[in-house]
Each structure stands twice: as structure tokens, then as C-alpha cells.
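The values are calculated or read from the model by the stated rules, or taken from the named source; none is laboratory data. Because the structure is predicted, anything quoted here is derived from the model rather than measured. Methodologically, a virtual Cβ is constructed for each residue, glycine included, from the backbone with ideal geometry; neighbour enumeration extends over all protein chains shown. Accessible surface is based on the protein model in full, side chains and every heavy atom, while ligands, DNA and RNA are left aside. Shrake-Rupley method; radii C 1.70, N 1.55, O 1.52, S 1.80 Å.
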Amino acid sequence: MTLFLLKRVATFFATLFVASTVIFAVLELLPGNAAQVMLGTTATPEAIAAWEHKLGLDQPPLQRYLNWVGGLLQGQTAVSYSYDTPVSQLIAERLQVSLPLAVMAMVLTTGIALSLGIYAAARHNRPGDVGVMVASQLGLAIPNFWFAILLILLFAVKLQWVSAGGFPGWREEDGGGVWEGFKALLLPALALAVVQAAILARVTRSAVLEVLREDFVRTARAKGLSRRQALWRHVLRNAMIPVLTIMGLQFANLITGTIVVENVFVLPGIGRLVFQAIANRDLVVVRDVVMLLAAVVVIVNFVVDVLYALIDPRLKASDA
């Protein structure tokens with residue numbers, strides 16, 4: 001297990017290094033003047049030179065890269081051009097919305113998808129199975145931003161159960177509270193979960209059906225276990241490896257891919273921060289947020305690899 005973890009940790013840090021290099025190269029070393037882009041075409045040469053000095057663009061590329069990475073390792077980030085606030089503070093504020101939103105969406109996705117996938121597999125080629133497959137196909141075909149608009153029209157405009165957008169905050173002294181914040185994120189989480197649940201339900205169904213055909217399941221049935229008992233005792237654990245793969249990718253996608261939904265619901269999250277930073281040509285914010293999102297994807301994949309080994313020790317043994 002130790003060797004397995006060491007290999008995964010080494011891969012983890014190597015991937016982060018490559019990601020940071022690519023991000024820096026794209027935003028810093030490609031042709032074009034970052035200061036000119038941020039200040040606009042009407043900026044004077046003096047203003048551009050002053051801004052280059054402020055951003056450290058007058059330093060060699062390697063020095064700029066080392067300063068950026070060193071600052072990230074120490075928890076220090078540059079000051080946003082458009083917000084005049086450290087990027088780390090902006091990210092911390094926006095994560096208070098995006099992270100709970102992603103967790104809520106993932107909980108809904110997992111609950112809906114596993115229930116439907118297992119239900120469909122247990123009723124293979126029966127009406128229940130066909131119904132789940134039709135519903136999942138519809139879920140795949142529906143864009144989440146369009147479904148978000150439908151949810152707003154139904155629950156906010158017609159029924160008036162929740163607000164149409166915005167986020168009141170998690171603290172009561174700010175006019176919000178835990179319950180109010182939860183209600184504000186419920187519809188966005190549901191809009192994000194529909195497509196992801198459709199994908200995961202189909203993967204869960206396929207994985208369970210594949211394991212159900214294995215010899216050890218037939219042996220368990222021959223020993224007197226019912227189909228339901230064999231499903232819950234033996235099948236699900238062995239079917240979870242491909243399901244975990246998709247779940248890991250989906251959670252990373254929920255963190256990194258909420259730009260459209262956050263803009264539909266006017267949520268002050270990471271996605272909206274990136275959208276505004278791009279519109280404001282605030283490349284400092286874009287660089288640090290993209291690095292954060294890349295790190296999230298790498299961390300989630302690392303956690304999934306560890307869970308693989310816990311669920312199926314054969315993977316750990318084969319990698320040793």
C-alpha cells in the first residue's frame with residue numbers, strides 16, 4: 001500500500017507541475033502584451049510600462065514563473081486589477097458558494113443515479129429498465145442552462161417557493177442564513193445534477209449488469225442467495241470501480257463547469273468570477289483560478305485512485 005501511495009503522490013505533484021507550466025505558458029509566454037490586453041488599446045506607452053512593472057512582466061519568464069509558483073505555495077497571490085483585492089481573498093469568498101453548490105449537486109447526482117441505475121439493472125429488459133433508459137436519454141439531451149431556466153419559471157416565477165436568483169449569504173447578520181443559503185443553491189444544484197445523474201445512471205446500470213454475469217455471482221445464487229441478496233452483498237462493490245471513475249470526473253466537472261448555471265442564477269461563485277475576470281481582462285485572476293480548478297481535478301483523481309485500492313485490492317497489488 002505504501003508503494004502504491006508513493007507512486008500516486010509522485011504522479012499528483014508531477015501533474016500539478018505540468019499544469020502550472022502550461023497555464024503560465026498560455027497566459028504569459030504567448031505572443032501579445034498582457035499589460036496591453038488588460039489596459040486596452042487606448043493605453044499610453046507610459047501606462048503600459050508602469051503596469052508591466054507592477055505585474056512583474058519586465059522580469060525574465062523563468063523568474064516570473066518561480067515567483068508565481070512560490071507565491072502560491074506560500075498562500076500569496078497577486079492583487080486583482082479590476083477588484084483591487086488579493087486573488088486568494090476573491091477565491092475564498094467565491095468558494096463559499098461554488099463548493100457547497102458542487103457538493104449539493106454531487107449528492108443529488110449520486111442519490112438519483114445510483115437508485116435508478118441499480119433499479120434498472122435489477123429489472124433488466126423489463127418496463128422499469130426501459131423507463132429509466134428513456135428518462136436518462138432525455139436527461140442527456142437537456143442542456144443544464146435550459147433546464148435551469150425551466151426551474152426558475154416553475155418554482156420561482158409561478159409557484160414563488162424560492163427566489164429567481166442571487167445568494168443571500170450563509171450568515172444571518174448578513175440577511176441570509178444556512179436555510180436561506182441552502183434554498184438559494186437548491187435549484188442550481190438540481191439543474192447541474194440532471195445531466196450528470198443521467199450519465200451516471202447509465203454507467204451504474206451497465207456496470208451492475210456486467211458483474212451480474214460473472215461466475216462468482218452465479219455461485220452465490222447457487223448457494224441459495226436471492227438475486228437481491230447477491231446484488232447487495234457481492235455485485236455492488238465490484239461494480240463501483242467504473243462508477244467511481246465517472247463520479248470523480250463529475251465532481252471535478254461540477255466545480256469547474258458551473259459558469260453558465262451560476263450566471264443564470266446570478267450566483268457569486270467561481271464560475272461567475274472567471275466570467276467577469278475574462279470580461280474585465282483581469283488575467284491575474286484568470287491564471288490563479290484556472291490553476292485552482294486544475295488542482296481540484298488532480299486532487300479528485302488522486303482521491304479516486306486511492307478509493308480504487310480500498311475497494312479492489314487487486315489494483316493495489318498489480319501496481320506494487
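Just a few scattered comments:
- Residues of the stretch 54-102: accessible area per residue with a 1.4 Å probe, Å²: 56
- Rounded to the nearest Hz, the phi-derived 3J(HN,Hα) couplings of the stretch 291-299 under the Karplus curve 6.51 cos²θ - 1.76 cosθ + 1.60 (θ = phi - 60°) are 5, 4, 5, 5, 5, 4, 4, 5, 5, where x marks glycine and proline.
- Counting only DSSP H runs of at least 4 residues, each contributing -39500 (n - 2.57), and dividing by the residue count of the chain, the helix-based mean residue ellipticity at 222 nm comes to -24000 deg cm²/dmol.
- The charge dipole of the stretch 158-242, taken about its Cα centre with unit charges on the Cβ of Lys, Arg, Asp and Glu (plus for the first two, minus for the last two), comes to roughly 860 debye.
- Neighbour net charge for GLY131 - beta-carbon separation under 14 angstrom, K R +1, D E -1: +3
- Between the beta carbons of GLU173 and VAL107, assuming R0 = 35 Å, the FRET efficiency works out to 0.80 to the nearest 0.05.
- Length available on full extension from ARG123 to SER206: 0.36 nm per residue minus the Cα-Cα distance, which gives 28.6 nm.
- Gain upon complete extension [ALA295, ALA50; 0.36 nm per residue less C-alpha separation]: 85.0 nm
- The residues of the stretch 140-255 present an accessible area of 55 Å² per residue when probed at 1.4 Å with all protein chains retained.
- The accessible surface of the chain, taken with every protein chain in place and a 1.4 Å probe, is 65 percent carbon and sulfur.
- Rg/Rh for the chain (Cα atoms only, Rh after Kirkwood) is 1.05.
- Highest-fluctuation residue, LEU116, LEU187, LEU140 considered, GNM on the chain with Cα pairs under 10 Å: LEU140
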